1. Starting from the Cα-Cα distance between Lys21 and Met82, subtract it from 0.36 nm times their residue separation and give me the gain in nm to one decimal.
2. What does the charge add up to near Val94, with Lys and Arg as +1, Asp and Glu as -1, over the other residues with Cβ less than 14 Å from its Cβ?
3. Divide the volume of the convex hull of the Cα atoms of segment 71-200 by its number of residues and quote the answer in cubic angstrom per residue.
4. Which value, in Å² and to the nearest 10, is the accessible area of Thr144 when all protein chains are kept and the probe is 1.4 Å?
5. So what is the calculated 222 nm ellipticity per residue for the chain, using -39500 (n - 2.57) for each DSSP H run with n of 4 or more, over all residues, to the nearest 500 deg cm²/dmol?
6. Return the whole-Å distance between the Cα centroid of segment 158-236 and the Cα centroid of segment 100-141.
7. By how many nm would the segment from Gln127 to Thr58 grow when fully extended, if each residue of separation counts as 0.36 nm and the alpha-carbon distance is taken off?
8. Net charge around Leu176, counting only other residues with Cβ within less than 15 Å of its Cβ (Lys, Arg = +1; Asp, Glu = -1)?
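The values are calculated or read from the model by the stated rules, or taken from the named source; none is laboratory data. All values reported here derive from a predicted model rather than from experimental measurement. For neighbour counting, all protein chains shown are included, and Cβ atoms are generated from backbone atoms with ideal geometry for every residue, glycine included. Heavy atoms of the whole protein, side chains included, go into the accessibility calculation; ligands, DNA and RNA do not. Shrake-Rupley method; radii C 1.70, N 1.55, O 1.52, S 1.80 Å.
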Amino acid sequence: MPNTKNLLLAALSPDVYEHLKNNMEQVELSSGSILNRPNETINEVYFPLTCLISVTITMMDGMTVEAGVVGSREMVGINAFMGGRETTQTEYIVQVPGKAMKMKAHLLLSEFDTNKSLRDVMLKYTQAYMAQISQNVACNGLHTIEKRMARWLLESSDRLCSDELFLSHEFLSNMLGVRRSGVTETAHILEKKGLIQCSRKKIKIIDPQSLEETSCECYGVIKDEYDRLLRFNLER
């Protein structure tokens, strides 16, 4: 198993990872950086190590909603090896700064086309990522703000490997597709239950188990799907 903080890279066999690593560089991504805009050609792909990146869709009225989130178990630039080099309506924005491994998109595509072992892992990741997007659609339409916020905090914590999340209420409102006041009210409810602790632009998870019990089923469904598709490689 490769020594890396990114689950997707860790799922690669050691020899494949070492070969891929020769074409990668570690970079520091700052908060607010836009890695890809809608319809822009994808020139680089990123494998987050300690940063968190939101995948958002902005409507004509300016309302922004989360389509997905990318952290230490994923990559940015999935279209680079799927027969097209452009995103659709989505935008990738760094929300929590940190480190990532960067690679030229055309080099990853070349490896994807010629290396079956790499291709198998990337296709399994694509399946997991599609499951996340599909689950988000159902979650946004069916579950309460409280359940969705609990889920989103847990998923962010998993990807950052930290219980301290440096996220503003404004950002969370964009992710959940609700007004900022709704996020503030919901955060206060979770705080009164002793699940989280809020301060300016920081949320600390106090009771992860109870927060998971408060969350909707979507958190467990997606986590299980990622584990099923990718973590089997880590046991080799």
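1. 19.9 nm
2. 0
3. Looking at segment 71-200, the number lands at 125 Å³ per residue.
4. Accessible surface of Thr144 is approximately 80 Å².
5. -14000 deg cm²/dmol
6. A separation of 23 Å, based on Cα centres.
7. Between Gln127 and Thr58, full extension yields an extra 22.4 nm.
8. Numbers: positive: Lys147, Arg148, Arg151, Arg179, Arg180; negative: Glu66, Glu146, Glu155, Glu170, Glu185.
For residues surrounding Leu176, the net value is 0.
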